[in-house]
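Some notes on the structure that comes next.
Read the figures in this text as sums done on the coordinates, not as results from a lab. These numbers were taken from a predicted model, which means no experiment stands behind them. Heads up, the Cβs are rebuilt from the backbone with ideal geometry, glycines too, and the neighbour counts pull from every protein chain shown.
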Amino acid sequence: MKHTDVPIVVTQPFKVSRNRLWEAITQVTQLTQWFFENIEAFEPQVGFKTQFRVQVEDRIFTHLWEIIEVVPQHKITYNWRYQEYPGDSFVTFEIIEHEVNLILRLTTKVVADFPDTVSEFTRESCIGGWQYFIQERLPAYLKQ
């Protein structure tokens with residue numbers, strides 16, 4: 001993923017309350033159910049930082065997140081980086097009202113290039129990962 005790429009945008013409609021959707025994307029006990037199970041701490045507060053490791057085959061990805069914007073019940077933005085690799089991005093979850101549904105819009109904007117040599121950092125991999133989380137895992141979790 002490169003800083004010159006168009007931001008990645010993934011959307012998904014939900015028929016749940018705004019509060020239910022907000023809690024699913026901001027409470028650690030819920031994030032671990034559909035997003036990353038090893039998130040140890042998370043608070044939807046500007047300046048909050050957390051980190052956790054994900055291993056894929058023989059590679060480690062220590063996620064470094066810092067919350068940079070919170071509009072309660074509407075939007076949360078993270079600065080998203082990795083300890084082991086160069087690159088920097090911003091990820092925004094935004095809840096939008098649309099007719100009888102809520103739409104969750106996820107936007108990823110790269111601000112510093114990630115390495116081409118790591119398959120997880122291709123644009124296709126990023127799109128596929130976000131579609132999996134936002135369009136499959138989160139809806140399945142919220143239907144429980």
Problem - Burial ordering of Thr92, Thr4, fewest other beta-carbon atoms within 10 Å first - result: Thr4, Thr92
Problem - Within the chain, longest stretch free of exposed GluC sites (Glu not before Pro) [DSSP loop, at most 14 other beta carbons within 10 Å] - result: 100-144
Fill in the blank from the handout: Computed over the chain, the distribution of all Cα-Cα distances in 5 Å bins, rounded to whole %, is 2, 10, 18, 24, 22, 15, 7, 2, 0, 0
Practice task
Work out from phi, with θ = phi - 60° and the Karplus expression 6.51 cos²θ - 1.76 cosθ + 1.60, the ³J(HN,Hα) of each residue of the stretch 85-97, listed in order in whole Hz, and give x for Gly and Pro.
Solution key: 9, x, x, 8, 8, 10, 10, 10, 9, 10, 9, 10, 7
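Add -39500 (n - 2.57) for each DSSP H run of 4 or more in the chain, then divide by its residues: what number comes out at 222 nm, to the nearest 500 deg cm²/dmol?
-5500 deg cm²/dmol, from helical runs alone.
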Problem - Cα pair distances in the stretch 61-144, grouped into 10 Å bins until the bin that holds the longest one, percent each - result: 15, 44, 32, 9, 0
Fill in the blank from the handout: Neighbour-count ranking for Tyr78, Tyr132, Tyr85 (other C-beta within 10 angstrom, fewest to most) reads Tyr132, Tyr85, Tyr78
Practice task
Starting from the Cα-Cα distance between His98 and Thr11, subtract it from 0.36 nm times their residue separation and give me the gain in nm to one decimal.
Solution key: 30.1 nm
Practice task
Mind sorting Arg123, Arg20 by how few other Cβ atoms lie within 10 Å of their own Cβ, fewest first?
Solution key: Arg20, Arg123
Handout entry: Contour minus Cα-Cα distance for Lys2 and Thr32 (0.36 nm per residue)
Key = 8.0 nm
Completion exercise
What the Cα atoms of the stretch 1-42 span along the principal axes, largest first and in whole Å, is 35, 28, 13
Completion exercise
Expected vector for the stretch 115-131, Karplus 3J(HN,Hα) from phi with 6.51, -1.76, 1.60 and θ = phi - 60°, integer Hz, x for Gly and Pro, equals x, 5, 7, 10, 4, 5, 9, 6, 4, 4, 5, 5, 4, x, x, 5, 4
Problem - Highest-fluctuation residue, His63, His98, His74 considered, GNM on the chain with Cα pairs under 10 Å - result: His98
